[in-house]
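First up is the structure itself, then whatever we jot down about it.
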Amino acid sequence: MKVIVLGAGIVGVTSAYQLAKAGHEVTVVDRQPGPALETSFANAGEVSFGYCSPWAAPGIPTKAMKWLFMKHAPLVLRPKLDMAMLSWMARMLSNCTSERYAINKSRMLRLADYSRIALADLRAETGIAYDERMQGTLQLFRTQQQLEASAKDVKALAADGIPYEVLDRDGCIRFEPALKHVRDKIVGGLLTPKDETGDCFKFTNALAAKAEALGVRFVYGTTIKALDVEAGRVRGVITDRERMSAEAVVVALGSYSPLLLNPLGIRLPVYPVKGYSLTIPITEASRAPESTVMDETYKIAITRLGDRIRVGGMAEISGYTNDLGLARRSTLEHSVTDLFPGGDVSKASFWSGLRPMTPDGTPVIGATKVAGLFLNTGHGTLGWTMSTGSARLIGDLVSGGQPEIDVRDLAISRYG
């Protein structure tokens with residue numbers, strides 16, 4: 001079939017590659033001049049097959065109130081008269097129960113573990129290099145309360161058969177030797193050893209080149225105006241340059257997906273939650289992390305990417321704004337210098353991106369009420385982690401095949 005993929009981030013490019021492998025004639029459309037120039041550009045670098053949890057969790061409403069008064073808060077809320085924001089927040093709060101958390105985390109772990117296999121296969125198939133490491137994620141606890149609260153995550157990991165290890169202070173230092181300089185600041189950690197790291201921008205660009213070699217056509221610098229739908233079936237896409245015909249369309253536009261779907265009466269509860277990152281050159285390798293350290297106090301990931309450290313995190317709910325707040329930079333700098341002192345943060349590059357979050361933390365993958373129109377969006381902080389598995393699923397669904405894992409509870413129909 002002729003298939004158009006909307007969006008050239010990590011999710012769109014992996015989808016295009018899989019669809020081309022399935023024999024389809026694929027075109028990718030994006031407003032940017034190249035791939036991975038928005039949310040996929042400078043994310044935290046985690047590929048978190050084990051360390052993946054919904055933001056909506058028991059106790060989050062209480063924590064959120066405390067965070068609002070912290071100097072270095074992991075959550076920043078800028079409320080406005082925006083019905084999409086208010087509706088999304090209300091739905092997220094409704095997911096902050098033990099029952100919903102268990103269901104949502106299980107969905108995420110199922111897709112993440114499937115993506116672990118898909119990424120390994122893709123890496124072996126293509127030989128792509130992207131500053132990758134396979135050394136795990138250490139969720140680092142500064143307080144005994146944080147360590148005890150991790151029991152719900154341990155339970156979910158055990159239930160889904162995901163490897164993990166609860167570490168004491170010395171165990172954390174064995175895994176990340178540079179932490180010996182700050183041993184008194186930590187009490188323990190939760191290690192998910194199957195997690196990986198890597199530069200999402202490098203990977204996406206390399207895979208886009210492989211996709212082009214398979215015949216995928218990339219149309220950059222093009223604004224998507226609307227979907228062309230007739231008699232309940234998608235017929236193509238209308239851009240600022242032309243009308244493009246297709247037999248199937250995959251929407252992988254991240255936070256902007258709902259804006260394109262609203263005119264069709266498809267209510268996709270995806271809202272932008274802004275994250276920030278610093279990229280810092282490594283000046284002393286022995287004082288840098290080996291893999292990813294997740295600072296639980298500030299919800300900030302500190303990841304080694306080749307000769308750089310990527311520091312990423314925070315959740316700012318402020319709509320479709322992508323300004324760089326200096327207070328957010330201060331929080332990133334505080335976390336990394338507190339745990340890994342000695343780096344030169346003055347040489348860091350500062351970035352922000354809009355993560356497409358669903359209220360339950362689970363992406364939306366599958367068909368819509370419009371024939372031929374598919375969604376692969378809403379991955380939140382885990383687009384890099386879940387991209388390869390999501391792409392395999394969308395490739396099967398568009399082709400009319402049977403996916404290898406259950407996708408029924410990933411579809412938009414779960415929202416009624």
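The values are calculated or read from the model by the stated rules, or taken from the named source; none is laboratory data. What you see is a predicted model, and the numbers here were worked out from it, not measured in a lab. Using ideal geometry, Cβ is built from the backbone for each residue, glycine included, and neighbour counts are taken over all protein chains shown. Only protein heavy atoms, including side chains, enter the accessible area calculation; ligands, DNA and RNA are left aside. Shrake-Rupley method; radii C 1.70, N 1.55, O 1.52, S 1.80 Å.
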Original post:
If you take the charge dipole of the range 115-269 about its Cα centre, with +1 on Lys and Arg Cβ and -1 on Asp and Glu Cβ, which of ALA129, PRO193, ALA252 is farthest toward its positive end?
Top reply: ALA252
Subject >> C-alpha center-to-center spacing [the range 304-324, the range 1-53] in angstrom >> reply: 19 Å
Original post:
Can you tell which of SER98, ALA159, ALA118 lies farthest toward the positive end of the dipole of the range 90-200, using +1 and -1 charges on the Cβ of basic and acidic side chains (Lys, Arg; Asp, Glu)?
Top reply: SER98
Original post:
Between the range 279-294 and the range 65-90, how many Å separate their Cα centres?
Top reply: 31 Å
Original post:
the range 115-163: Rg/Rh from Cα coordinates, Kirkwood Rh?
Top reply: 1.14
Subject >> In degrees, nearest ten, helix 200-213 long axis to first principal axis of the chain (Cα) >> reply: 30 degrees
Subject >> Alpha carbon convex hull of the range 203-285, volume per residue in cubic angstrom >> reply: 155 Å³
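Suppose we take every Cα in the range 265-416 and form the convex hull; what volume per residue is that in Å³?
It is 135 Å³ per residue.
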Original post:
For LYS21, which aspartates and glutamates qualify as cross-link partners when the Cα separation must be under 20 Å and same-chain residues fewer than eight apart are set aside?
Top reply: ASP121, GLU125, GLU212, GLU247, ASP396, GLU404
Original post:
Across every pair of different alpha-carbon atoms, what Kirkwood hydrodynamic radius in Å does the range 14-102 reach?
Top reply: 17.1 Å
Original post:
Rounded to the nearest 20 Debye, what is the dipole magnitude of the range 109-222 about its Cα centre when Lys and Arg each give +1 and Asp and Glu each give -1 at the C-beta?
Top reply: 160 debye
Original post:
Out of SER53, LEU77, GLY378, whose Cα points farthest toward the positive end of the dipole of the chain (charges: +1 Lys, Arg; -1 Asp, Glu; placed on Cβ)?
Top reply: LEU77
Original post:
Mean residue ellipticity at 222 nm from the helices of the chain, using -39,500 (n - 2.57) per DSSP H segment of n ≥ 4 over the full residue count, to the nearest 500 deg cm²/dmol?
Top reply: -10000 deg cm²/dmol
Original post:
For the range 83-241, what % of the accessible area comes from carbon and sulfur atoms, probe 1.4 Å?
Top reply: 51 percent
Original post:
Taking Rh as the Kirkwood radius computed over C-alpha pairs, what is the Stokes-Einstein D of the range 132-185 at 20 °C in a medium of viscosity 1.002 mPa s, expressed in µm² per second?
Top reply: 172 µm²/s
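Using 1/(1 + (r/R0)^6) with R0 = 41 angstrom and r between the beta carbons of SER349 and ARG217, what's the FRET efficiency to the nearest 0.05? Spell out each step's value before the answer.
Details: r = 32 Å, r/R0 = 0.77.
Calculated transfer efficiency: 0.85.
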Original post:
Counting every Cα pair in the range 174-249, what percent are over 15 Å apart?
Top reply: 75 percent
**OP:** With a 1.4 Å probe and every protein chain left in place, tell me how much accessible area ARG91 has, in Å² to the nearest 10.
**Re:** 90 Å²
Subject >> Spatially proximal lysines relative to LYS155 (Cα-Cα < 22 Å; intrachain offsets below 8 disregarded) >> reply: LYS63, LYS105, LYS194, LYS299
**OP:** Run through all the Cα pairs of the range 247-309 and give the fraction in each 10 Å bin from 0, expressed as whole percent.
**Re:** 17, 30, 20, 21, 11, 1
Original post:
Dividing the Cα convex hull volume of the range 349-416 by residue count, how many Å³ per residue is that?
Top reply: 107 Å³
Subject >> Unit charges on C-beta of K, R, D, E only; dipole of the range 305-407, Debye >> reply: 200 debye
Subject >> Scattering profile of the range 21-69 at q = 0.13, 0.21, 0.23, 0.27 Å⁻¹ [log10 I(q)/I(0), Debye over alpha-carbon scatterers] >> reply: -0.67, -0.95, -0.97, -1.00
Subject >> Nearest-20 debye value, the chain charge dipole, Cβ charges on Lys, Arg, Asp, Glu >> reply: 820 debye
Original post:
How many nm is it between the label spots at LYS66 and GLU165, if each spot is 7 Å from the Cα in line with the beta carbon?
Top reply: 2.9 nm
Subject >> Low-density loop positions, chymotrypsin sites (Phe, Trp or Tyr not before Pro), the range 2-93 - DSSP coil, at most 10 other Cβ in 10 Å >> reply: PHE69
**OP:** Might you tell me the accessible area per residue for the chain, computed with a 1.4 Å probe and given in Å²?
**Re:** 39 Å²
Subject >> Between helix 98-126 and the chain: long-axis angle, C-alpha atoms, 0 to 90°, nearest 10 >> reply: 80 degrees
**OP:** Taking just the C-alpha trace of the range 203-345, give me its Rg and Dmax in Å.
**Re:** 20.6, 63
Original post:
So how do 383-395, 147-159 stack up, highest first, on mean other-Cβ count within 10 Å?
Top reply: 383-395, 147-159
Original post:
Out of MET244, MET314, MET92, any idea which swings most in a Gaussian network model of the chain, alpha carbons joined below 10 Å?
Top reply: MET244
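Local charge sum around LEU122 (other residues, Cβ-Cβ under 12 Å, Lys/Arg +1, Asp/Glu -1)?
Counting the neighbours of LEU122, the net charge comes to +2.
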Original post:
How large are Rg and Dmax for the chain when only the alpha carbon atoms are used, in Å?
Top reply: 20.5, 66
Original post:
Could you give the angle, 0 to 90 degrees to the nearest 10, between helix 326-339's Cα long axis and the longest principal axis of the Cα atoms of the chain?
Top reply: 50 degrees
Subject >> Principal axis dimensions, largest first and in whole angstrom, of the range 80-174 by Cα >> reply: 47, 38, 28
